[in-house]
1. If you check Phe111 against the conditions, is it within 30 Å of Pro247 (Cβ to Cβ), in contact (Cβ under 8 Å) with a residue 12 or more places away in the chain and assigned to a helix (DSSP H, G or I)?
2. Given the options Lys186, Lys213, name the one that is within 24 Å of Phe149 (Cα to Cα), basic (Lys, Arg), out of contact with any Leu (no Cβ under 8 Å at 6 or more places or on another chain) and assigned to a helix (DSSP H, G or I).
3. Any residue at all in segment 17-40 that is closer than 22 Å to Leu162 by Cβ, in contact with a Phe, Trp or Tyr (Cβ under 7 Å, 6 or more places away or on another chain), among the small types (Gly, Ala, Ser) and buried (at least 22 other Cβ atoms within 10 Å of the Cβ)?
4. Test Ile225 against the stated conditions and say whether it is over 26 Å from Ala18 (Cα atoms), of a type in the set (Val, Ile, Thr) and touching a helix residue (DSSP H, G or I) at 6+ places or on another chain (Cβ under 9 Å).
5. Scan Leu210, Leu217 and give me the residue that is in contact with a strand residue (DSSP E or B) (Cβ under 9 Å, 6 or more places away or on another chain), closer than 20 Å to Gln165 by Cα and crowded, with 18+ Cβ neighbours inside 10 Å.
6. Looking only at segment 230-271, which residues are surrounded by fewer than 11 Cβ atoms within 10 Å (Cβ to Cβ) and more than 19 Å from Glu174 (Cα to Cα)?
7. With the requirement that a residue be surrounded by fewer than 17 Cβ atoms within 10 Å (Cβ to Cβ) and on the phi > 0 side of the Ramachandran plot, what does segment 99-135 give you?
Amino acid sequence: MLVKKTFAHETVSGVQIAKGSLSFQGVRLTVYCFATDGVLIDTGAASLAKEFTQFFKPLDIEQVMITHFHEDHTGCAALLQNERQLPIFMNEIMIDYCRTKPDYPMYRKFFWGKRPPFEAKSIGTTFSSRHATWDVIDTPGHAVDHLAFFNRETGQLFTGDLYCQEKTKVILREESIPTTIDSLKKVLTYDFNEVFCAHAGYIKDGRTALQRKLAYLLEIQEKIIHLYEKGMTPKQIQATLFPKKYPITVFSLGEWDSLHIVHSVIQEHMAQKAS
């Protein structure tokens with residue numbers, strides 16, 4: 001088999017956690033989904049449908065909440081809708097996109113599979129589960145429709161792809177570091193400690209982790225602007241701040257690259273100077 005799959009699940013602080021991983025030629029990608037209080041947060045990838053289905057089967061869930069439209073988060077949404085008639089809620093921005101056949105690069109289809117179309121409803125600014133009210137927090141940056149979910153009763157924060165790792169080294173071409181910085185500042189106004197991240201899993205002291213990530217991105221942003229103002233080109237800044245090359249950059253044909261970090265900061269910096 002070309003792609004190696006691993007799957008595991010556990011329960012932490014009342015949250016049932018599923019972790020699916022795929023490995024191929026030095027590239028390892030992992031995605032999580034979470035179930036608590038009758039709510040499933042994200043659905044995993046179509047390429048791991050068999051594994052995630054075994055996780056879903058015993059779950060007593062009533063509704064599905066999607067953090068954002070990417071195929072590793074929505075890959076099993078149609079399955080849950082068709083087999084269990086579960087209602088699916090997400091940011092309305094990408095509802096139309098998700099009801100059609102998706103268009104994303106071949107390497108992502110290779111890893112995550114082909115996400116079947118599904119129907120979703122607009123999530124609104126809050127939602128209720130059996131024992132809690134949840135805040136829906138707009139957190140764009142990684143994706144235009146990205147959301148985080150805050151459980152007011154437990155103080156738990158579900159961050160989708162807002163965290164992923166403390167020291168970001170590569171991002172998608174369409175991502176924005178300045179927008180992610182704003183989103184991190186926004187979630188840090190909430191009273192939480194535990195974080196459930198779609199790619200890092202359970203983070204016990206999540207507030208501190210998000211604070212460290214924010215500090216790192218602010219520092220990177222400052223360095224990029226400083227070097228740009230000194231006359232360095234984006235490529236030169238990349239070579240200075242991000243000298244290491246990552247397999248995902250080659251494998252994705254540049255869709256993931258540290259150069260996108262530099263470009264997003266410079267773009268926002270120039271826009272602010274022009275305004």
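The values are calculated or read from the model by the stated rules, or taken from the named source; none is laboratory data. It should be emphasised that the depicted structure is a prediction, and the values quoted were computed from it without experimental measurement. Note: ideal-geometry Cβ built from the backbone for every residue, glycine included; neighbour counts use all protein chains shown.
1. Values: within 30 Å of Pro247 (Cβ to Cβ): yes; in contact (Cβ under 8 Å) with a residue 12 or more places away in the chain: yes; assigned to a helix (DSSP H, G or I): yes.
Spelling it out, Phe111 is indeed within 30 Å of Pro247 (Cβ to Cβ), in contact (Cβ under 8 Å) with a residue 12 or more places away in the chain and assigned to a helix (DSSP H, G or I).
2. On the way: Lys213 fails: out of contact with any Leu (no Cβ under 8 Å at 6 or more places or on another chain).
Within the list Lys186, Lys213, the selection yields Lys186.
3. Yes; the residues of segment 17-40 include at least one that is closer than 22 Å to Leu162 by Cβ, in contact with a Phe, Trp or Tyr (Cβ under 7 Å, 6 or more places away or on another chain), among the small types (Gly, Ala, Ser) and buried (at least 22 other Cβ atoms within 10 Å of the Cβ).
4. Numbers: over 26 Å from Ala18 (Cα atoms): yes; of a type in the set (Val, Ile, Thr): yes; touching a helix residue (DSSP H, G or I) at 6+ places or on another chain (Cβ under 9 Å): yes.
Yes, satisfied.
5. Numbers: Leu217 fails: in contact with a strand residue (DSSP E or B) (Cβ under 9 Å, 6 or more places away or on another chain).
Criteria check complete, one pass: Leu210.
6. Across segment 230-271, the qualifying residues are Lys230, Gly231, Pro243, Lys244.
7. Result: Gly124, single match.
Every residue, every condition in (1) over 24 Å from Gln81 (Cβ atoms); (2) not acidic (Asp, Glu), yes or no:
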residue: Arg115; (1), (2): no, yes
residue: Glu119; (1), (2): no, no
residue: Phe127; (1), (2): no, yes
residue: Val136; (1), (2): no, yes
residue: Ala148; (1), (2): no, yes
residue: Glu153; (1), (2): yes, no
